[in-house]
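Asker: The structure's right below; bear with me while I get my questions together.
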Amino acid sequence: MPTVTIDGKQVEVPDGLTILWAARKAGVNIPTYCYYPWFAPQGNCRICLVEVEGVGKLQIGCQTPVRDGMVVHTNNERVFKARRGVMEFLLLHHPLDCPICDQAGECDLQDYGYKYGFPVGRNRHLRRTFPKTDYGEKISKEMNRCIHCRRCIRLAEDYMGVHHIGMLNRGDHSEIGSYIEAAIPSGWAGNVIDICPVGALTDKKMRFSARVWDLEHVPARLKESAMKDPVKCRYGSEAMLGLYRGKIYRVTARMDEHRVMKSMICDEARFEHYDLDDWIIEEDADITTPVESGPRPARELEEMARKELEEEGKLNGGRVESPPPSEISSAPGTGMDLGRQTE
Ligand code: SF4
Ligand code: FES
């Protein structure tokens, strides 16, 4: 096993591990935006730059594998300046609307902005703005805030089985959008809210109604008797409730300490159960162990649930059976509406 030194700490790690994970094992945190352990790294954002002794250019920690004897610096002046440059670039067009953004308080851009951002912006040009478009009645889309990490696209393709969102246009006109004007009843669409590291995709149901630092976060799972669609909810309702004075303000996936989802949750659990009586509280759920790889895709989860429900004789006993995730409907308001509708 290679031994590497990260910020002066020696650590022995498995062969092929990236600098990012080796650093985590050494107790050193490297910032990330586009990296998500569910997907192969793409190196889109460059906030994870680190210095490797003997290598001329800074390297991205999320994709560079360690080798024996490597000496890495994640926090020296050169690295700091590079990350500050990345932050300046990302903030060139980002609106300063944290006071009204629902992501404030759990936004990676905001957190690293405090650490690496310039106190004064140098951009004297107009910021780009996109017309208000939306993803239907559940997901609020603010493209002015997007940092183009592509996490949402990869989630839709790899885990929801939906191939209809992508990066449209080029340069500073780039935006997340749809190639077709249709709604996708994937039943898992709300997960793009949790995977977005900034406030570009947020929960429309909780919009402007609560601040996340006021909420009490309680792990819970949906009661079987409350499920309208047990095929999705059986493996899709291990959620985190956001409570304020005993009232549910939002439902999200459970996150680890790096804000990575433990698993996906279905749209029914996320958007349709705001009554505490529908939930079983699971205080002892593990929400700290870091997630190192992705869960099963939605289609597999549904197949597993369908098989089990069939064996238990519960599938057709008056239950609603869900359509397969890839089936496209043009009905507005079901799942992710990808039309360019005005809010
Ligand atoms: S919408 Fe969010 S998740 Fe998607 S690319 Fe933009 S910042 Fe990333
Ligand atoms: S997190 Fe490494 S390039 Fe984005």
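Asker: Consider the stretch 76-91. How many of its residues are surrounded by fewer than 18 Cβ atoms within 10 Å (Cβ to Cβ) and touching a residue at least 40 places away in the same chain (Cβ under 8 Å)?
Answerer: Of the residues in that region, 0 qualify.
Asker: Which residue out of C62, C34 is touching a Phe, Trp or Tyr at 6+ places or on another chain (Cβ under 6 Å) and either of a type in the set (G, A, S) or within 14 Å of ligand 2 (Cβ to nearest atom) (or both)?
Answerer: Sole residue among the options that is touching a Phe, Trp or Tyr at 6+ places or on another chain (Cβ under 6 Å) and either of a type in the set (G, A, S) or within 14 Å of ligand 2 (Cβ to nearest atom) (or both): C62.
Asker: Using beta carbons and a limit of 6 Å, which pairs, at least six apart or on different chains, have the first residue in the stretch 134-158 and in contact (Cβ under 8 Å) with a residue 60 or more places away in the chain and among the acidic types (D, E) and the second one near ligand 1 (Cβ under 9 Å from one of its atoms) and not in a loop (DSSP other than H, G, I, E, B)?
Answerer: Qualifying pairs under 6 Å: D134/K141.
Asker: Could you tell me whether D15 is of a type in the set (D, E), away from ligand 1 (no atom under 16 Å from the Cβ), modelled with pLDDT of 95 or more and in a loop (DSSP other than H, G, I, E, B)?
Answerer: So D15 does not fit the description; no.
Asker: Collect the residues in the stretch 203-238 that are within 16 Å of ligand 1 (Cβ to nearest atom) and crowded, with 21+ Cβ neighbours inside 10 Å, keeping them in residue-number order.
Answerer: Residue satisfying the conditions is D203 alone.
Asker: Would you point out the residue of the stretch 65-85, among those that are closer than 20 Å to I147 by Cα and away from ligand 2 (no atom under 14 Å from the Cβ), that is nearest to the chain's Cα centre (by Cα)?
Answerer: Applying the filter and picking the extreme gives R84.
Asker: Yes or no: the stretch 59-67 includes at least one residue that is touching a Cys at 6+ places or on another chain (Cβ under 7 Å), within 24 Å of Q10 (Cα to Cα), crowded, with 20+ Cβ neighbours inside 10 Å and not hydrophobic (A, V, I, L, M, F, W, C).
Answerer: Initial filter on the stretch 59-67 (touching a Cys at 6+ places or on another chain (Cβ under 7 Å)): 60-62.
Okay, now just the ones that are also within 24 Å of Q10 (Cα to Cα), so 60-62.
Cutting the leftovers down to crowded, with 20+ Cβ neighbours inside 10 Å gives us 60-62.
Next cut, not hydrophobic (A, V, I, L, M, F, W, C) only: 61.
Yes, there is a match, as at least one residue in the stretch 59-67 is touching a Cys at 6+ places or on another chain (Cβ under 7 Å), within 24 Å of Q10 (Cα to Cα), crowded, with 20+ Cβ neighbours inside 10 Å and not hydrophobic (A, V, I, L, M, F, W, C).
Asker: Right, another one. Which of the residues that make up the stretch 18-53 are assigned to a loop (DSSP other than H, G, I, E, B) and surrounded by fewer than 18 Cβ atoms within 10 Å (Cβ to Cβ)? Show your work before the answer.
Answerer: In the first step, residues of the stretch 18-53 are kept if they are assigned to a loop (DSSP other than H, G, I, E, B); the result is 26-48, 53.
The answer is G27, N29, A40, Q42, G43, N44, R46, E53.
Asker: Here is a follow-up. Among the residues of the stretch 115-147 satisfying the criterion of being within 13 Å of ligand 1 (Cβ to nearest atom) and β-branched (V, I, T), which is modelled with the lowest pLDDT? It would help to see each step written out before you state the result.
Answerer: Within the stretch 115-147, the first condition is being within 13 Å of ligand 1 (Cβ to nearest atom), and the residues that meet it are 130, 133-135, 139-147.
Those still in the list that are β-branched (V, I, T) too: 133, 139, 147.
Working: T133: 73, I139: 87, I147: 96.
Per the criteria, the residue is T133.
Asker: Next up: Taking the stated definitions as given, is L92 more than 20 Å from the chain's Cα centre (by Cα) and aliphatic (A, V, I, L, M)?
Answerer: yes
Asker: Just to be sure before I move on: is V72 of a type outside the set (D, E, K, R), in contact with a Leu (Cβ under 7 Å, 6 or more places away or on another chain) and not in a loop (DSSP other than H, G, I, E, B) in the structure I sent?
Answerer: No.
Asker: In the stretch 142-162, which residues are assigned to a helix (DSSP H, G or I) and either more than 16 Å from ligand 2 (Cβ to nearest atom) or over 20 Å from R259 (Cα atoms) (or both)? Please lay out each step first, then the result.
Answerer: So the first thing to find is which residues in the stretch 142-162 are assigned to a helix (DSSP H, G or I), and the list is 143-145, 151-158.
Across the stretch 142-162, the qualifying residues are M143, N144, R145, A156, E157, D158.
Asker: Moving on. Do we find that L241 is modelled with pLDDT under 95, closer than 24 Å to K204 by Cα and under 20 Å from the mean Cα position of the chain (by Cα) in this structure?
Answerer: no
Asker: Checking K115 against (1) in contact with an Asp or Glu (Cβ under 7 Å, 6 or more places away or on another chain); (2) of a type in the set (D, E, K, R); (3) under 26 Å from C152 (Cβ atoms): exactly one of these is not met. Which one?
Answerer: (1)
Asker: Taking only the stretch 93-104 into account, find how many residues are surrounded by 14 or more Cβ atoms within 10 Å (Cβ to Cβ) and assigned to a loop (DSSP other than H, G, I, E, B). Full working, then the answer.
Answerer: Quick first cut of the stretch 93-104, residues surrounded by 14 or more Cβ atoms within 10 Å (Cβ to Cβ) only: 93-95, 98, 101-104.
Subsequent filtering for residues that are assigned to a loop (DSSP other than H, G, I, E, B) retains 93-95, 101-104.
Here the count works out to 7.
Asker: Within the stretch 193-212, restricting attention to residues that are of a type outside the set (K, R) and not in a loop (DSSP other than H, G, I, E, B), which residue is farthest from E137 (Cα to Cα)?
Answerer: Initially, the stretch 193-212 is screened for residues of a type outside the set (K, R), giving 193-203, 206, 208-210, 212.
Narrowing further to those that are not in a loop (DSSP other than H, G, I, E, B): 193-195, 201-203, 206, 212.
Working: I193: 13, D194: 16, I195: 18, L201: 12, T202: 11, D203: 9, M206: 12, V212: 21 Å.
Selected residue: V212.
The values are calculated or read from the model by the stated rules, or taken from the named source; none is laboratory data. Please read all numbers here as calculations on a predicted model, not as lab measurements. Heads up, the Cβs are rebuilt from the backbone with ideal geometry, glycines too, and the neighbour counts pull from every protein chain shown.
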